[in-house]
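To start, the structure under review is shown below, and the notes come after it.
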Amino acid sequence: MKTKNLMACALALPWLAGGSYAQQTSDADLRAGSVLASNCANCHGTLGNAQGAMPSLAGQSKSYMVEQMRQFRDGKRPATIMHQLAKGYTDQQVEMIAEFFSRQKSAR
């Protein structure tokens, strides 16, 4: 039990110290980003390498992907389905997904 409490405190410290998510990406966040990003595979390909005309996400800039997802979510960028999908993610989840894809190697 003490180990769990220490771990929770260690994870909370960056937030208490004013650190942002972008500055503090843990292994757990990367794994969570991987799980969230698996929802994108049907359209954007496994690990973000799309086939055909769909845009690949692998290797894209994290800040660009975050901005695009927020625009979809907020209805500022037109889409057929992305605006509906993006509404299901919090800002932190969008950051985790973007971090995951930004770390993938682009096949194109």
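Reducing the stretch 38-54 and the stretch 65-79 to their Cα centroids gives an inter-centroid distance of 18 Å. Taking other residues whose beta carbon is less than 14 angstrom from the beta carbon of Met65, and scoring Lys, Arg as +1 and Asp, Glu as -1, yields +1.
Shown for the stretch 41-85 is the translational diffusion coefficient from the Stokes-Einstein equation, using the Kirkwood radius over Cα pairs, a temperature of 20 °C and a viscosity of 1.002 mPa s: 194 µm²/s.
Shown are Asp91, Asp27, whose ranking by accessible area with a 1.4 Å probe and every protein chain present, most to least, is Asp27, Asp91. Calculate, for Met54 and Ala28, the FRET efficiency according to 1/(1 + (r/R0)^6) with r their C-beta to C-beta distance and R0 30 Å; round to the nearest 0.05. In this case the efficiency is close to 0.55.
Note on Lys87: accessible area approximately 130 square angstrom, rounded to 10, probe 1.4 Å, nucleic acids and ligands left out. For a straight C-alpha distance cut-off of 15 angstrom, the aspartates and glutamates reachable from Lys76 (same-chain residues fewer than eight places away being disregarded) are Glu67. Note on Arg103: accessible area approximately 140 square angstrom, rounded to 10, probe 1.4 Å, nucleic acids and ligands left out.
The values are calculated or read from the model by the stated rules, or taken from the named source; none is laboratory data. For clarity, every value in this text was computed on a predicted model and none was experimentally measured. As a convention, Cβ positions derive from the backbone with ideal geometry for all residues, glycine included, and neighbour counts pool all protein chains shown. For the accessible areas, the whole protein counts, side chains as well, though only heavy atoms, and no ligand, DNA or RNA atoms are used. Shrake-Rupley method; radii C 1.70, N 1.55, O 1.52, S 1.80 Å.
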